[in-house]
Amino acid sequence: MTLALDPVVRTTVPATLNTRVPLVTGETVEYANLDHAASAPCLAAVRDAVDEFLPWYASVHRGAGFASQVSTKVYERARDALRRFVDARSSDAVIFTRNTTDSLNLLARAVPRHTSVVLFDTEHHAALLPWRGPNVRRIATPRTRLAAVSAVDSALAECPEGPRLVVLTGASNVTGELLPVREIAAVARKHGARIALDGAQLAPHRRISLRELDVDYVAVSGHKLYAPFGAGALVGRADWLRAAAPYLAGGGATKNVTEGGVVWHSGEERHEAGSPNTVGVYALGVACEQLSADWSAVTAHEEELLGRLRRGLAAVPGLSELRLFDDDGDRVGTVSFVVEGYEPGWLAAVLSAEYGIGVRDGAFCAHIATRRLTGGQAALRVSLGLGTTAEHVDRLALALRQITARGARWTYGKPDGRWAPTPDPRAVPSFLR
């Protein structure tokens, strides 16, 4: 199944579909990109929109020229597109950033002093690391979703009086499992806490509604959302953001500067100092509109391939799939695993060099989660996206069976600390020569 066959979502096809890559054997093969959780390729519709916009690219908000006016409209319409994409409240701020990491660091700088922060220790580093101080409570992730809700409840009950914030991922970037966001939000409300959602892995796969989930903030990354042009966003309640010092000091955040001091903007501009990434913001807005066109088709495509993938992996000798929770609940198209007797980095190199398959090995910027689930080792991660096909999934399962049965057909070493073919006869694209 491929979304390219569905006229409703024809424009949600990655521009990289049908890209061919060289193998060490001298052949070429269609690239099986199974690393969407790291960065998703650009949608064809996004690429086309950016190409159409580039002749009009200019400064935003302060230029009198016609191109500047066009660019300003593009920038602000993208803000509206993000607000619709996450079903934000009309009073919510939409602040453009570089990515989810940038967004959550911005929020960490904006929370009131002495805010108690509660989060699971298995979060992605973008959500785990920005929070500092004695009022940060890291909870060891329980083995069931119900226990996770109870753990947040207990942690919030122990927090001192004052502002409280729960930081939670929507979908694990290690296992793809969905967290019980709505249930945890209800617990947060009981204790007068706000909740910030790391939506990096959830947003490309599922519709997000701030209102329905009853969360206060969500952070997303364009490079996960098929808009790899360096933009992200923080969307959420404006009061803490309005009261906080500007995230960056500089032009655009200032209302007036005199010899005696500075008057800062109070709206979104307060945290958007400097010339913004207008092209990236536009690309992000277009990608959000494309994904929103038919969520049912996006979800059906992924669910069919995820089932096929897990069945194929189950047939690989010695393969163990990683899971946060014992209960097999809803998940997006991400699966991490280990294969007994095989180093993940070596497997990833063989899959790339001999089969044209791109996967991720390591601890996935979630070191605590990955190493806890593997007993201290690295793992291999496969993640699906809009351009994934049944052939890609089947090729991976076949490749793993062949590698575990007969080994590699080439020699591999660590010339730069990572596994790679030795020698590597594959030629880089001509633009790199």
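When residues in the range 361-382 are screened for being part of a helix (DSSP H, G or I) and within 21 Å of HIS36 (Cα to Cα), 3 of them pass. Considering the range 233-263, and only residues there that are over 23 Å from ARG77 (Cα atoms) and assigned to a strand (DSSP E or B), the residue that is farthest from the chain's Cα centre (by Cα) turns out to be THR258.
Taking the condition of a type in the set (Lys, Arg) and over 21 Å from the mean Cα position of the chain (by Cα), does ARG206 pass? Considered against the rule, which asks whether it is of a type in the set (Lys, Arg) and over 21 Å from the mean Cα position of the chain (by Cα), ARG206 comes out as no.
Condition (residue is farther than 23 Å from PRO180 by Cα, surrounded by 19 or more Cβ atoms within 10 Å (Cβ to Cβ) and touching a Phe, Trp or Tyr at 6+ places or on another chain (Cβ under 8 Å)) applied to the range 300-311: is it met by at least one residue? No - not one qualifying residue is present in the range 300-311.
Number of residues in the range 115-145 that are among the hydrophobic types (A, V, I, L, M, F, W, C) and either part of a loop (DSSP other than H, G, I, E, B) or in contact (Cβ under 8 Å) with a residue 60 or more places away in the chain (or both): the value is 7. The set of residues in the range 366-384 that are touching a Pro at 6+ places or on another chain (Cβ under 7 Å) and under 16 Å from GLY176 (Cα atoms) comprises ALA379, LEU380. Taking the condition within 19 Å of ALA253 (Cβ to Cβ), surrounded by 16 or more Cβ atoms within 10 Å (Cβ to Cβ) and without any contact (Cβ under 8 Å) to a residue 12 or more places away in the chain, does SER103 pass? For SER103, the condition - within 19 Å of ALA253 (Cβ to Cβ), surrounded by 16 or more Cβ atoms within 10 Å (Cβ to Cβ) and without any contact (Cβ under 8 Å) to a residue 12 or more places away in the chain - is not met. As for the range 405-419, it holds no residue that is touching a residue at least 12 places away in the same chain (Cβ under 8 Å), farther than 27 Å from GLY307 by Cβ and of a type in the set (Asp, Glu). Scanning the range 402-421 for residues that are assigned to a loop (DSSP other than H, G, I, E, B) and either surrounded by 12 or more Cβ atoms within 10 Å (Cβ to Cβ) or not hydroxyl-bearing (Ser, Thr, Tyr) (or both) gives GLY407, ALA408, ARG409, TRP410, LYS414, PRO415, ASP416, GLY417, ARG418, TRP419.
If the condition is being free of Cβ contacts under 8 Å to residues at least 60 places away in the same chain and in a loop (DSSP other than H, G, I, E, B), then the range 316-330 contributes only ASP328. For the range 145-185, taking the residues that are within 16 Å of ASP214 (Cβ to Cβ) and touching a Phe, Trp or Tyr at 6+ places or on another chain (Cβ under 9 Å), the one that is surrounded by the fewest Cβ atoms within 10 Å (Cβ to Cβ) is identified as LEU168. Evaluated against (1) at pLDDT 95 or above; (2) not in a helix (DSSP H, G or I), ASP51 falls short on exactly one condition, (2).
When the range 143-173 is filtered for residues that are under 23 Å from the mean Cα position of the chain (by Cα) and either at pLDDT below 95 or among the charged types (D, E, K, R) (or both), only ARG145 remains. Could you tell me whether any residue of the range 330-337 is surrounded by fewer than 23 Cβ atoms within 10 Å (Cβ to Cβ), at pLDDT 95 or above, out of contact with any Leu (no Cβ under 8 Å at 6 or more places or on another chain) and of a type outside the set (A, V, I, L, M, F, W, C)? No: zero hits. Of the residues making up the range 125-134, those that are at pLDDT 95 or above and farther than 19 Å from ALA185 by Cα are HIS125, ALA126, LEU129, PRO130, TRP131.
Yes or no: the range 153-174 includes at least one residue that is part of a helix (DSSP H, G or I), of a type outside the set (Val, Ile, Thr) and within 16 Å of ARG372 (Cβ to Cβ). No, because not a single residue in the range 153-174 is part of a helix (DSSP H, G or I), of a type outside the set (Val, Ile, Thr) and within 16 Å of ARG372 (Cβ to Cβ).
Taken together, the residues in the range 381-394 that are farther than 11 Å from LEU309 by Cβ and out of contact with any Leu (no Cβ under 6 Å at 6 or more places or on another chain) amount to 4. Scanning the range 76-93 for residues that are in contact with a Gly (Cβ under 9 Å, 6 or more places away or on another chain) and surrounded by 17 or more Cβ atoms within 10 Å (Cβ to Cβ) returns ALA78, ARG79, ALA81, LEU82, PHE85, VAL86, ALA88, ASP92, ALA93.
Residue check: is SER352 outside any helix (DSSP H, G or I) and hydroxyl-bearing (Ser, Thr, Tyr)? Criteria not met by SER352.
The values are calculated or read from the model by the stated rules, or taken from the named source; none is laboratory data. All figures in this text were calculated on a predicted structure; none of them were measured in a lab. Cβ atoms come from the backbone with ideal geometry, glycine included; neighbour counts cover every protein chain shown.
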